[in-house]
1. Roughly what % antiparallel, to the nearest 5, for the DSSP beta bridges in the chain?
2. Over 28 Å between Cα atoms, which of Lys74/Lys368; Lys74/Lys293; Lys29/Lys74 qualify?
3. With a 1.4 Å probe and all protein chains left in place, how much accessible area per residue does the range 282-362 have, in Å²?
4. Which angle from 0 to 90°, rounded to the nearest 10, does the C-alpha axis of helix 343-356 make with the longest principal axis of the chain?
5. Translational diffusion coefficient, Stokes-Einstein: compute it for the range 1-154 using the Kirkwood radius over C-alpha pairs as Rh, at 25 °C and 0.890 mPa s, and state it as an integer in µm² s⁻¹.
6. I want to check the label-to-label distance for Ala360 and Ala102. Put each point 7 Å from Cα in the C-beta direction and report it in nm to one decimal.
7. Given the rule -39500 (n - 2.57) for each run of at least 4 DSSP H residues, summed and divided by the residues of the chain, what is its mean residue ellipticity at 222 nm, to the nearest 500 deg cm²/dmol?
8. Using +1 on the beta carbon of Lys and Arg, -1 on that of Asp and Glu, and nothing else charged, what's the dipole of the chain about the Cα centre, debye to 20?
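The values are calculated or read from the model by the stated rules, or taken from the named source; none is laboratory data. Every value quoted in this text rests on a predicted model; they were computed, and no experiment measured them. Glycine gets a Cβ as well: all are built from the backbone with ideal geometry, and neighbour counts include every protein chain shown. For accessibility, only protein heavy atoms count, side chains too; no ligands or nucleic acids. Shrake-Rupley method; radii C 1.70, N 1.55, O 1.52, S 1.80 Å.
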Amino acid sequence: MNNTADTIIVGGGIHGASLAFHLAMRGVKVLLLEKSFLASGATGRSSGLVRMHYDLEPESRLAWVSFQYFRDWKEKVGGECGFTRTGFLFIPRREYTSSMEANIAMHQRIGIPSLRVTAQDVHRLAPSFAIDDIEYAAYEPESGYADPSQATQALADAARAHGATFVQDCTVTGVIVTGGRVEGVRTVQGDYFASVVVNAAGAWASNVAQMAGVKIPVTTWRHDTLFVKRPDEIRLPHPTVIDYANSMYFRPESGGLTLVGLEDGNPLGQSPDGYTDSSQPGFVERAIERICKRIPALESGSLYSHHGGYDGITPDQRAILGPTGPEGFYLVCGFSGTGFKIAPAVGASMAEWILDGQPATVDITPFKLERFEVGEKLVGDHAYEDIWH
Ligand SMILES: Cc1cc2nc3c(=O)[nH]c(=O)nc-3n(C[C@H](O)[C@H](O)[C@H](O)COP(=O)(O)OP(=O)(O)OC[C@H]3O[C@@H](n4cnc5c(N)ncnc54)[C@H](O)[C@@H]3O)c2cc1C
């Protein structure tokens with residue numbers, strides 16, 4: 001294989017694949033290098049929620065543009081992404097009701113289908129839910145979840161069809177920098193050359209940044225999830241939910257399953273190569289107790305499976321995007337446990353930033369690394385608490 005490309009992408013998760021797709025569509029010769037196999041990192045462990053409810057406008061904009069890819073995947077990308085529309089409920093803590101209403105107004109202004117619903121509406125949408133603690137919730141009728149591994153594969157297939165090359169089992173061990181410019185990378189399979197190198201290495205992003213002499217505030221975030229089988233009386237699917245009141249999210253899965261993740265108890269700073277084939281001790285008990293508060297009939301459900309995963313997380317729990325360090329070096333990392341649903345729009349916007357000098361699909365310049373250097377954090381106008389605590 002020719003060892004020269006226009007752009008080298010380090011990392012074959014959903015973000016590496018999305019950027020490869022968007023660059024290849026514009027005629028760029030792309031080489032993506034993945035140390036293991038496609039979607040072997042956070043992407044393959046992701047719960048796949050596709051919703052637009054954020055308290056930060058640029059994130060809602062990214063999610064809204066991306067949602068339209070998930071909805072119209074066949075026409076926009078080709079292949080399948082497994083998008084399943086379930087409707088999405090955001091159940092706030094009572095003290096955040098007015099913030100939620102302001103955020104719904106922001107979402108509606110962008111064009112996102114979102115509305116405030118009452119506890120009785122929640123009961124109609126999801127008769128199995130306990131609603132005694134709910135006054136109002138936000139509802140997105142179009143949202144749901146997708147299959148992150150399938151979406152990554154489809155993006156990779158489409159990128160390859162437009163000339164991109166993907167090399168797996170290929171760990172990048174160094175970034176070649178000469179005279180302040182990137183020239184390529186060193187890998188276990190030899191050197192590859194390009195004038196643009198993109199760090200899309202997920203939980204390993206700090207390590208790859210260091211290879212280019214760049215320090216980034218990205219540490220690791222461990223997250224466990226489980227699937228529980230619903231008993232026959234509640235076999236029908238329910239909406240996808242962020243149950244902020246119970247520090248939890250959940251969604252239906254095919255086969256009468258419900259997936260559950262918790263917003264608390266996600267350790268930071270572990271090795272990203274830790275064991276993920278099962279969850280950490282104590283997680284299953286905590287998650288079952290939590291989900292049974294919202295869906296009491298799950299007391300007679302049964303545990304199906306559980307596992308963990310690692311993503312990169314930043315101090316404000318928002319991504320780091322854009323050029324930094326040596327000329328030609330770009331960051332697409334720090335997705336902080338919520339990056340799957342925004343990957344199509346991030347890839348489109350990053351391709352514009354690299355090729356045209358500025359993003360156009362969505363203004364992603366607020367996500368620059370420099371915000372941390374001047375002590376700033378990205379915070380919504382009507383902010384909730386950090387999602388992970
Ligand atoms: C359990 C879990 C549940 C989640 N649920 C959701 C959700 O419901 N909705 C949502 O939007 N987001 C969710 N997320 C977050 C989302 O999955 C991630 O933000 C997203 O997948 C990150 O994609 P990525 O491509 O940046 O990273 P990854 O998928 O981690 O890809 C990075 C890749 O880089 C490769 N790599 C690393 N170092 C090197 C190197 N030196 N050389 C070559 N390759 C290298 C890795 O092997 C890896 O494949 C979840 C995350 C986890 C862990």
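1. Values: 51 of 71 bridges.
If we restrict to bridges inside the chain, about 70 percent are antiparallel.
2. On the way: Lys74/Lys368 32 Å; Lys74/Lys293 38 Å; Lys29/Lys74 23 Å.
Going by Cα-Cα distance, Lys74/Lys368; Lys74/Lys293 fall outside the 28 Å limit.
3. On a per-residue basis, the range 282-362 sits at 32 Å².
4. On a 0 to 90 degree scale, this one is about 30.
5. Values: Rh = 17.5 Å.
It comes out at roughly 140 µm²/s.
6. With each label point 7 Å from Cα toward Cβ, the separation is 3.4 nm.
7. On the way: 11 runs with 107 residues, N = 389.
Here the helix-only value at 222 nm equals -8000 deg cm²/dmol.
8. 500 debye
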